[in-house]
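The values are calculated or read from the model by the stated rules, or taken from the named source; none is laboratory data. Being a predicted model, the structure only gives us computed values, none of them experimental. Note: ideal-geometry Cβ built from the backbone for every residue, glycine included; neighbour counts use all protein chains shown. Ligands, DNA and RNA are stripped out before the accessible areas are found, and what is left, the full protein with its side chains, is counted by its heavy atoms. Shrake-Rupley method; radii C 1.70, N 1.55, O 1.52, S 1.80 Å.
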Amino acid sequence: MAPGIVDPAVAHESSRSLSSVTEAYEDTLRFYLNGTKVVLDTADPEVTLLEYLRGIGLTGTKLGCAEGGCGACTVVISQYNPTTKQIYHASVNACLAPLVSVDGKHVITVEGIGNVKQPHPAQERIAKGNGSQCGFCTPGIVMSLYALLRNDSDPTKHEVEEAFDGNLCRCTGYRPILDAAQSFSSKGGCGKAKANGGSGCCMEKGNGGGCGKAGADGDDQPIKRFTPPGFIEYKPDTELIFPPALRKHDFRPLAFGNKRKRWYRPVTVQQLLEIKSVYPSAKIIGGSTETQIETKFKGMNYSASVFVGDIAELRQFSFQDDYLEIGGNIVLTDLEKICKDAVAHYGEIRGQPFAAILKQIRYFAGRQIRNVGTPAGNLATASPISDLNPVFVASNATLVAKSLEETTEIPMSTFFKGYRSTALPPNAIIASLRIPAAKEKGEYMRAYKQAKRKDDDIAIVNAALRITLDESQIVGHVDLVYGGMAAFTIAAKKAMEFLKGKKFTELQTLEGVMSALEEDFDLRFGVPGGMATYRKSLALSFFYKFYHEVLAQLNAKKLEVDTQAIGEIERDISHGLKDHKAAEAYHQKILGQERPHVAAMKQCTGEAQYTDDIPLQKNELYGCLVLSTKAHAKLLSVDPEPAFDLPGVVAYVDHNDLASPESNWWGAPSCDEVFFALDEVFTAGQPIGMILADTAKRAEMGARAVKVEYEELPAIFTIEEAIEKESWFSHFRYIHKGDVEKAIAEADHVFTGIARMGGQEHFYLETQACLAIPKPEDGEMEIFSSTQNPAETQAYVSKVTGVAANKIVSRVKRLGGGFGGKETRSIQLAGIVAVAAKKVRRPVRCMLNRDEDIMTSGQRHPFLARWKVAVNKDGKIQALDADVFCNGGWSQDLSGAVVERAMTHIDGVYSIPAIHVRGRVAKTNTVSNTAFRGFGGPQGMFIAETYMSEVADHLGMPVEKLREINMYTPETNMITHFNQELKDWYVPLMWKQIQEESEYSHRRQEIEEFNKTHKWNKRGLALIPTKFGISFTALFLNQAGALVHIYHDGSILVAHGGTEMGQGLHTKMTMIAAEALQVPQDSVYISDTATNTVANSSSTAASASSDLNGYAIWNACQQLNERLQPYREKLGPEASMKDIAHAAYFDRVNLSAQGFYKTPDIGYTWGENTGQMFFYFTQGVAAAEVEIDTLTGDWTCRRADIKMDVGRSINPAIDYGQIEGAFVQGQGLFTTEEMLWHRASGGIFTKGPGAYKIPGFRDIPQEFNVSLLKDVNWENLRTIQRSRGIGEPPLFMGSSVFFAIRDALKAARAEFGEHGLLSLQSPATPERIRISCADPILKRAWVEPREGEKSFFVAI
């Protein structure tokens, strides 16, 4: 049967009995939306809350991932909570919430709380506090903050810090969002306050005094909530009220749907059991957090779904003498509160199981998931990595299962039977769970978890460990229960058997358990899920921690308690400083002033329009790509016919629909890629065709129904495989300066090594999106595309449709993030959508799902470099010889230019007399890699800092000293290996300043002391400089045009070739125009970027857009100023632009001007090594400090200090935002973000936030200080206002965290006598951190591959 073709929603024999059971059920949904009553008689059963909201025009709520992992779709659902008996305002992922779940509730979206004219204080503070850049994630973040404030108008700093654990942002680096949110906190202004997890502020100590005030004149006034100057005061009593009608809402049973799917919403347990009795296979849904992912991404169809979230009986709890009983459907947020109360009720000792649950919930997903997820859902889905299930099993909880016939008690120890399989009878439900309190004496229980990222992440391994001891410390009961070690939650049976009856306090007991655990978890190298050594080491480390925690509690004085193994790394509340006076010396009326992003308020209120927010066109169709599922294969046949059997499917589009066979080819600079696969596919995720249907959901179903038959061919994934098989693109470059061979022969030392770093997914919050609108005449077409490159979009749409470029208009209002991923890869979708629109002569829209986007749109290039460095005893480097390889993927795209930039940055900031570097691009069967912020620069500098670190270790010299000795300086050399002179060179100055400002040497001493006294936790420190060349390396791209119109009323419309993707380009451009024309900034407006206003524009990339477009605008404004000068003189200095423009118009003066700019002086010739490569270099220095837990690989960045030379900043607020955002994105690149391919299928595994971990709010440096270089002259800088490009250069500063981790790892290895060279690959994930250690636990957990055995995942 073709996917998507289904039997009736309920089988006939069941439907008769089911309809008889539910015949009295209603079919009308009633809820409130932003204060207005909504009654739905014909609700679509397959629609999520997000699809409903966007369908009725409330497009402020965004789709970012469709799996509840990014928070872009966050709304607030206000409801009467049957557990707490209070109104609760729940932040919820609308992308997961079924529409049935909002009956009887009040849905509040970002539009409902404020608008640009009357914003909510949360919206205003985030906007004015520079907390919104691209703005796509902002509505979700606003709603998370709104939910926090609605539930507690006076939150603690700790509550504010944790409020966003279900939200992601890719632009801001989070710091300004947290600063804005913290302005709502009045509690615990002191970091030591109990509310903030401290020991207590001096004002809480009860003597009436305090560090800031005398005890005598203290008064009892409550602390006034702080309202920053110029901001709206937050008044909780002015919020939207909970509709009084909903307080009396009668929850009636519901049944509605169609032939394909039906929803049932019982409101009593009896009704639910009746449904289960007649239809046992009905899908029970609580939070829908798992089910929605199954239906969205796995194509599963649950024809009869039963929503149980409104059954009050399943949401009750009670404290019994010896156990806590919780209803199966209590939401995890309530369980959190219940467990806190349970610890208080039973006391700390008896409350240990509840403390363990509390600990696991704290890092369980994000708040939005915890607001809907339930224990029953956790148990029923039986995930092998559930955080709660091990605690339920280890605590000897009892599950109460109910069916219509009987109530059964199932011990949790016997509940899990296999992968996703349980002992729950098919006709039963999980009614409640009885969790025993611990004994008053002799019982010890702890829970552990390790994930790739601390907050909002699924576990790699988790555990709940419990023992009972008698008075002589003999072990009685034992439960050692682990998740992530097998296909289901599993007990370590051999270890448990060994431990029973042993004297716990004897060290041979620990040794025996560790040996038994090795047998229990004898993972093979290729184990599903990978990470065999790491997972095994975690199982052992968790028990080691547990053992010593129990010993410490026993006060076992005779024994050596390893106190340093106890506990885990805890973060402080994050904070940071910026130098807001950096531009004081040179700021003008507008330029140089800190001003918020011009669209920030629109973004915070949900009014900013993105591509998929454009209202539906009449007759519009939705497209869904049919993608290859094989990494390399011949296409034997493609049969779209099964799709046409589905409702709503209109057409199938493929290469036969193109204007000509030649028009299928695209790619810049090499035209080596096809829009539609022909007879062979070269990567999993290559487009084969597109299905068009009347809704997005039907298009998805249609695409799944297309039958594709393959004949698989051998595939290449890694650079190493490409080298072995000599699989290359033809592109080859080299840079040769000086006599490398002679230097190597004469140097005191020659060292070799390998630098290796993985790729990075762009993870812009707005995926690739396009809307094509064909016009009735002459083949005209308008393309709205989320692209950084409107001109190339226009060119290729012209090609695929077979009409001239002058009939194609490509336009973009704004992008929800780009980072290079929409420079060329957006062309693919735009071309396909344009072909589809031309074929059906109707508008066609397509916005990719997150998984489709990751599979099709490319990523940062993984790199491998083999280097050889010649160095003298004094540390002076004499020569570098290097081969640099990047993984280009299946087509060339921009890979050649990326490897070129890496080669030009391989010197870092170091003067090396002789360099020979060669660059090649590997051809593989991965996704085609593309531009990404930094464009090869970070990879080149990573190679440089890798060889600097390793050479320093070889020489036994501090790496900071080696860096300093070899830096470019006027005294030594200022000419790079590509023969460009460095001018306005301030890296040595910033190097000195950042050391002083961050107290670097003092902290280095502190860290050395810390590492001497801490066995398992180690700290590290690193100081990393950067120089980043600004210009497109393709000379012709260094040009820009602008168009400036002045209207009668004095308002000014500016158009330029750059696109706004959050980087603040339009903000800077309006400031430049306003300063040039001497008008207020709000008189200047930029509508969008379009090819019919500014033609032949370059892509917005290379950190050069402010330079290029700024000068083009300035040039146009100068022309206008010359024309207006007589009128300024005539009307006087006080005359407004309205008066001047009016007078000029009546004198028939042209009030429009076209500006143009091209970067002077540049033009490099490869091979000859002549000409100027870059116009200038943006420079910076960063220091970072980390702490790692070597038992688990967990880590935190304790502090980061960044100083950047941005020249004379046009807008320091925008520049600070770019620096913070780039740093955190760089930190992600070098730490948490690991791209993995599934070896068996050849497809990407990390294709969504569930598996791919960008940094979250609680991953940023705990102390995050940023400053701009000031008090210097930029004599040679000839840019607009003498500013420097800032988009890409700070990204490499994030590597300071990686090198600080490496520094900490050196101390960790030395602790156990390992002094050999550490070669650390990027990213430094918790797994890599742990397996780079050298302790005995790791050695006994080490898993070697058997002959021919390969890992489950491939790290590209």
- line: Computed about the Cα centre, the charge dipole of the stretch 820-974 from +1 Lys/Arg and -1 Asp/Glu charges at the Cβ has a magnitude in debye, to the nearest 20, of 1100 debye
message: Which one, Gly1243, Gly483, Ala1310, is farthest towards the positive end of the dipole of the chain when Lys and Arg carry +1 and Asp and Glu -1 on their Cβ?
response: Gly483
message: Using each residue's phi in the stretch 242-248, evaluate 6.51 cos²θ - 1.76 cosθ + 1.60 at θ = phi - 60° and report the 3J(HN,Hα) Karplus result to the nearest Hz, with x for Gly and Pro.
response: 6, x, x, 4, 6, 5, 9
field: DSSP-assigned coil residues among GluC sites (Glu not before Pro) in the stretch 21-57, each with at most 15 further Cβ atoms within 10 Å
entry: Glu23
- prompt: If eta is 1.002 mPa s and T is 20 °C, what Stokes-Einstein diffusion coefficient results for the stretch 1058-1123, Kirkwood Rh from Cα pairs, in µm²/s?
  reply: 173 µm²/s
- prompt: What percent does the relative contact order of the chain come to when contacts are Cα pairs within less than 8 Å and at least six residues apart?
  reply: 11 percent
message: For a test of the definition: using alpha carbon positions, the gyration tensor, and the 1.5 limit on a/c, classify the stretch 265-382 as rounded, prolate or oblate.
response: oblate
query: Under unit Cβ charges (Lys, Arg +1; Asp, Glu -1), what dipole magnitude, rounded to 20 debye, does the stretch 517-639 have relative to its Cα centre?
result: 360 debye
field: Relative contact order [Cα under 8 Å, 6+ residues apart], the stretch 841-1000, whole percent
entry: 24 percent
query: Using alpha carbons only, what's the Rg to Rh ratio of the stretch 929-1023 with Rh from Kirkwood?
result: 1.03
Neighbour cut-off at most 12 other Cβ (10 Å), DSSP loop, trypsin sites (Lys or Arg not before Pro), the stretch 48-99: Lys85
- prompt: What GluC sites (Glu not before Pro) does the stretch 573-663 have in DSSP loop regions with at most 12 other beta carbons within 10 Å?
  reply: Glu584
message: Please report the net charge: other residues with Cβ closer than 14 Å to the Cβ of Ile1280, K and R +1, D and E -1.
response: +3
- request: Heads up, I need the accessible area for Glu162: 1.4 angstrom probe, whole protein in place, Å², nearest 10.
  value: 50 Å²
message: Cβ neighbours within 10 Å, averaged per peptide: list 315-322, 805-812 in order, most packed at the top.
response: 805-812, 315-322
statement: Expressed in angstrom, Rg and Dmax over the Cα atoms of the stretch 423-527 are 16.3, 49
- request: Relative to the compact-globule scaling 2.2 N^0.38 Å, provide the ratio for the alpha-carbon radius of gyration of the chain.
  value: 0.92
- request: Within 10 Å, count the other beta carbons around each residue, average over each peptide in 712-720, 1066-1074, 1095-1103, and list them highest first.
  value: 1066-1074, 1095-1103, 712-720
field: Solvent exposure, largest accessible area first (probe 1.4 Å, DNA, RNA and ligands not counted), of Asp883, Asp456
entry: Asp883, Asp456
For the stretch 1278-1356, average projected area of the Cα convex hull in nm²: 8.8 nm²
- prompt: Over the Cα atoms of the stretch 700-818, what is the Rg over Rh ratio if Rh follows Kirkwood?
  reply: 1.17
Residue-by-residue Karplus 3J(HN,Hα) for the stretch 1302-1313, coefficients 6.51, -1.76, 1.60, Hz, glycine and proline x: 4, 4, 5, 5, 4, 5, 5, 5, 5, 4, 10, x
- request: Please calculate the 1.4 Å probe accessible area of Ile1086, with all protein chains present, and give it to the nearest 10 Å².
  value: 20 Å²
- request: Can you send over the solvent-accessible area of Ile385, 1.4 Å probe, protein chains only, in Å² to the nearest 10?
  value: 50 Å²
- prompt: Between Asp1049 and Met957, what is the label-to-label distance in nm when each label sits 7 Å out along the Cα-to-Cβ direction?
  reply: 6.7 nm
- prompt: Once you charge only the Cβ atoms, +1 for Lys and Arg and -1 for Asp and Glu, what is the size of the charge dipole of the chain about its Cα centre, to the nearest 20 debye?
  reply: 940 debye
- request: Specify, per residue and in Å³, the volume enclosed by the convex hull of the alpha carbon atoms belonging to the stretch 381-423.
  value: 70 Å³
- line: re the stretch 791-926: pairs of Cα atoms spaced beyond 25 Å account for a percent value of 48 percent
- line: Residues meeting the amide H criterion for His762 (H placed from the backbone, H to H distance under 5 Å, 5 or more places apart or on another chain) are Arg860
statement: Around Arg901 (Cβ within 11 Å, Cβ-to-Cβ, excluding Arg901; K/R +1, D/E -1) the net charge comes to -1
query: the stretch 987-1030: Rg/Rh from Cα coordinates, Kirkwood Rh?
result: 1.14
task: Enumerate the lysines that Lys1018 could reach by cross-link, defined here as Cα to Cα under 17 Å, with residues fewer than 8 away along the same chain left out.
output: Lys545, Lys1306
- line: A correct Karplus calculation of ³J(HN,Hα) over the stretch 519-531, with 6.51 cos²θ - 1.76 cosθ + 1.60, θ = phi - 60°, whole Hz and x for Gly and Pro, returns 6, 4, 10, 7, 6, 8, 4, x, 4, x, x, x, 6
field: 10 Å-binned pair-distance histogram of the stretch 761-861 (Cα, whole percent)
entry: 18, 51, 26, 5, 0
- prompt: What number, in percent, do you get for the relative contact order of the stretch 618-701 if the mean sequence gap of Cα pairs under 8 Å and at least 6 apart is divided by its residue count?
  reply: 51 percent
- prompt: What does the charge add up to near Ile232, with Lys and Arg as +1, Asp and Glu as -1, over the other residues with Cβ less than 11 Å from its Cβ?
  reply: +1
